[in-house]
Ligand SMILES: [Zn+2]
């Protein structure tokens, strides 16, 4: 069984509630469209899963506590600064708090400069042939889980998080989503 959702596991001290600036809406709409793709593929389970895309200020990510099927462009959250070592969201703007997997997205963008987008879905996967898998089952939204995902991503653009789901990276969100659908659906 996938782990039950129990809220974000980072300190959201720097989160500011507000509207995304208009110039970021185009990218936010791409994320909304990608969320719908995930749903059409049957991979949007409950409130689980999250998508993000890099932007000049940092990255845009889907909000927490919302099923991908219901994510609207205006609900996407801008992450400008996340301190992975301290597990603190330092600067962010949006209508709702960002995804509980913000630490993982933040770590991947910081360490993998060519990655422009990340897709993460939940599925009870014990492995996909030819796809790297993390060693052990780890709680979602934690530093340990983020570090394990990063390590696995050294072996491929799509990885399985044991007992949790899958993560794919790409240059654009449409590409990351296509990769994850291709391997998981
Ligand atoms: Zn997850």
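Bear in mind these aren't lab numbers, they're just calculated from the coordinates by the rules spelled out. Predicted, not measured: the structure shown is a model, and the values here were computed from it. Every residue, glycine as well, gets a Cβ built from its backbone with ideal geometry; the counts of neighbours run over all protein chains shown.
So here's what we get for this one:
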| read-out | value |
| --- | --- |
| For the chain, built as a Gaussian network whose Cα springs stay under 10 Å, the top-fluctuating residue of 166, 149, 33 | 33 |
| Relative contact order for segment 15-184, counting Cα pairs under 8 Å that sit 6 or more residues apart, in percent | 23 |
| Using alpha-carbon coordinates, inclination of helix 143-153 to the longest axis of the chain, degrees | 60 |
| Sorted by Cβ neighbour density within 10 Å, fewest at the top, the residues 30, 175, 144 | 144, 175, 30 |
| Cα centroid separation - segment 119-139 against segment 140-154, whole Å | 11 |
| Proportion of all alpha-carbon pairs of the chain beyond 30 Å (%) | 8 |
| Pairwise label distance in nanometres, residue 143 with residue 17, each label 7 Å out on the Cα-Cβ vector | 2.9 |
| Residue order, fewest to most beta carbons within 10 Å, for 23, 5, 109 | 23, 5, 109 |
| Gyration tensor (alpha-carbon) shape descriptor, segment 1-102, a/c threshold 1.5 | oblate |
| The chain: angle of helix 102-111 to the longest principal axis, Cα-based, in degrees nearest 10 | 80 |
| Calculated [θ] (222 nm, deg cm²/dmol) that DSSP helices of n ≥ 4 give over the chain, each run adding -39,500 (n - 2.57) | -8500 deg cm²/dmol |
